[in-house]
1. Can you pull out the residues in the stretch 383-411 that are within 21 Å of the chain's Cα centre (by Cα), open to solvent by 40 Å² or more (accessible area, probe 1.4 Å) and polar (S, T, N, Q)?
2. Looking at 28, 37, which is the one that is under 30 Å from residue 128 (Cβ atoms) and in contact (Cβ under 8 Å) with a residue 60 or more places away in the chain?
3. When you scan the stretch 94-108, how many residues do you find that are free of Cβ contacts under 8 Å to residues at least 60 places away in the same chain and open to solvent by 50 Å² or more (accessible area, probe 1.4 Å)?
4. Report every pair of residues separated by at least 6 positions or lying on different chains whose Cβ atoms are under 6 Å apart, first residue within the stretch 173-194 and touching a residue at least 60 places away in the same chain (Cβ under 8 Å), second surrounded by fewer than 19 Cβ atoms within 10 Å (Cβ to Cβ) and of a type in the set (Lys, Arg).
5. Considering only the stretch 55-166, give the strands (runs of 3 or more DSSP E) lying wholly within it that have at least 1 residues that are among the acidic types (Asp, Glu).
6. Quick one: in the stretch 167-188, which of the residues that are among the basic types (Lys, Arg) and part of a loop (DSSP other than H, G, I, E, B) is least open to solvent (accessible area, probe 1.4 Å)?
Amino acid sequence: MATLTVKPSNTLKIKTQRVKKAYLAKKEIKGTEKTGETESYTFKGSNNTSTKARKEKIATIIYKNIKGGLQKKQQQTTVAHIVEVLKKDSYTKGDCIDIPLTLPKIEFTKLANANLGDEVYMVVETENMANKRIKLSLKQAEKNCLVAKDSSIVLQQDGKKTSVVETYVSRFTEQNKKNISNAEDFRNFAIDAVTLSPKDEKDQKKYREALNKTTDKKTKLFMVVDAEPENQNWLEVKYEEIFDNRPNFWYYGDDNWFELKDNSTLEYNIYSDGKIEKNKIKKPKEVIYNYYDVKGNKYKLGQSKLVEVDKWKKKNVKTNPIERTFLLDARNLDKFSSKGVKYGIAKWSTSKKRYYINPDCFAGLVGAMIEEGIEDLGSTGFSDVNGSPGNSSSHINGEAGDLRYLSTKKDGGPTYLQHSHFDYERQVKFNKALYKFGWGRKKKMLSENYERFIEEKEVLNPKTKKKEKVKITKTTLLPHTQHYKTERVRHYHHLHIFGFDFSKIKEI
């Protein structure tokens with residue numbers, strides 16, 4: 001008997017709504033395309049464009065001149081496109097060229113991981129879902145970390161905090177038709193930018209601390225896509241990729257989880273043998289210092305915020321082009337004591353509020369203080385909050401500082417090389433420790449020659465023929481320093497530390 005096969009026909013031509021893929025992505029520019037429009041430019045003087053190098057130089061100047069105006073009109077071009085239209089060997093005042101306008105061509109590349117605080121795009125590829133609303137969220141996988149397991153983490157969308165990202169298919173295309181050449185390629189996509197961190201600083205810190213408590217400083221997340229209408233009819237939308245039998249979960253299950261890492265906390269490991277290590281972070285927001293004693297025991301010295309500032313070339317002159325650097329408010333981490341590991345800045349005396357130090361340099365200072373158990377250091381400062389030197393000329397970028405000489409009083413108070421309470425023995429050891437941990441290596445630290453008391457002797461005065469007590473002194477300069485004395489600048493009352501060797505710190 002023949003088998004009857006019945007194939008249902010879609011006589012009503014119902015189009016199935018599909019969610020084909022969902023992922024987190026970075027947006028990448030993959031070239032430019034001409035729009036067909038041009039920007040007219042008139043030369044204001046004579047210009048030689050007879051060689052390729054001259055054309056590129058003149059094109060660069062023209063680009064700088066028109067860039068601001070184009071940005072206001074949301075238009076773009078490139079130096080290369082300006083070079084294309086410089087056909088002649090020279091141009092004179094009044095000559096005109098028509099510069100082609102361009103738009104970038106983009107693509108979205110799927111991510112398997114990202115850093116806390118990164119801006120990424122939540123991308124959903126669909127079919128037959130034009131203008132349909134979609135809700136997206138990232139949830140904690142496997143075990144509690146940022147939030148409880150299976151709970152949504154807090155993100156930022158359009159500058160506002162949210163745990164559910166609401167968008168709609170075609171939104172990205174409609175918003176970018178005028179500034180992306182291939183915006184139409186994403187007509188059937190729901191795409192929205194999010195920042196992978198809460199908006200509130202306290203919550204950001206909470207997330208960073210949670211990640212830093214994990215052994216590998218990362219956690220696992222999965223993505224939930226809700227493309228159903230409000231009546232939650234699960235038959236109306238077909239999800240084509242299925243992970244672990246869960247139709248609307250992405251990045252779900254072993255080998256699929258999305259990994260969120262902390263790439264905002266700079267961490268230093270300071271070792272008793274003088275070695276210093278740090279992790280490689282481009283844009284740190286916080287810093288952690290750890291110390292390892294001779295037995296390998298770890299001590300967490302503390303954690304603090306960092307400030308990002310423009311870098312200075314010299315007093316009142318910033319680098320050109322502008323570079324950025326990071327500073328630590330040393331008051332936040334100026335003392336520690338636990339099981340014999342101890343250090344402390346007992347007194348700050350700086351009217352210019354020069355509390356800010358480069359975090360690499362601070363690691364070296366802390367290592368030296370712990371080496372000699374210094375808890376009574378006095379300081380008159382490093383740099384101010386924007387990295388400038390205050391009333392000094394050399395205290396820029398937190399890379400130079402003034403320390404009072406150590407005293408037998410151990411109070412961090414004013415101490416001169418000539419004072420009877422100057423603790424020479426401790427100071428010598430401390431200077432050697434500073435050198436061990438990186439200071440005074442590129443340039444010797446600054447101090448002064450002075451007459452150090454050695455002993456008191458009885459000697460016969462040849463004139464009076466009587467015995468008299470005399471003080472025996474020796475001209476002395478502290479280790480790893482140079483004598484520096486001018487009419488305006490003296491160093492008998494403080495040690496100027498600088499010349500830090502940044503190559504001393506190994507990135508891991």
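1. Listed by number, the list holds a single entry, 386.
2. Testing whether each residue is under 30 Å from residue 128 (Cβ atoms) and in contact (Cβ under 8 Å) with a residue 60 or more places away in the chain leaves just 28.
3. Of all residues in the stretch 94-108, those free of Cβ contacts under 8 Å to residues at least 60 places away in the same chain come to 94-97.
Then keep just the ones that are open to solvent by 50 Å² or more (accessible area, probe 1.4 Å); that gives 96.
Number of matching residues: 1.
4. 181/105; 182/105
5. Qualifying strands (runs of 3 or more DSSP E): 96-110, 119-127.
6. 187
Conditions (1) of a type in the set (Phe, Trp, Tyr); (2) in a helix (DSSP H, G or I); (3) closer than 22 Å to residue 485 by Cβ; (4) touching a strand residue (DSSP E or B) at 6+ places or on another chain (Cβ under 9 Å), marked per residue:
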| site | (1), (2), (3), (4) |
| --- | --- |
| 378 | no, no, yes, yes |
| 410 | no, no, no, yes |
| 415 | no, no, yes, yes |
| 419 | no, no, yes, yes |
| 432 | no, yes, no, no |
| 443 | no, no, yes, yes |
| 463 | no, no, no, no |
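For (1) of a type outside the set (Ser, Thr, Tyr); (2) surrounded by 12 or more Cβ atoms within 10 Å (Cβ to Cβ), each residue gets a yes or a no:
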{"position": "22", "(1), (2)": "yes, yes"}
{"position": "25", "(1), (2)": "yes, yes"}
{"position": "33", "(1), (2)": "yes, yes"}
{"position": "49", "(1), (2)": "no, yes"}
{"position": "58", "(1), (2)": "yes, yes"}
{"position": "65", "(1), (2)": "yes, no"}
{"position": "71", "(1), (2)": "yes, no"}
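The values are calculated or read from the model by the stated rules, or taken from the named source; none is laboratory data. Keep in mind that this is a model prediction, so the values were computed, not measured. A quick note on method: Cβ atoms are made from the backbone with ideal geometry, for glycine too, and the neighbour counts reach across all protein chains shown. For the accessible areas, the whole protein counts, side chains as well, though only heavy atoms, and no ligand, DNA or RNA atoms are used. Shrake-Rupley method; radii C 1.70, N 1.55, O 1.52, S 1.80 Å.
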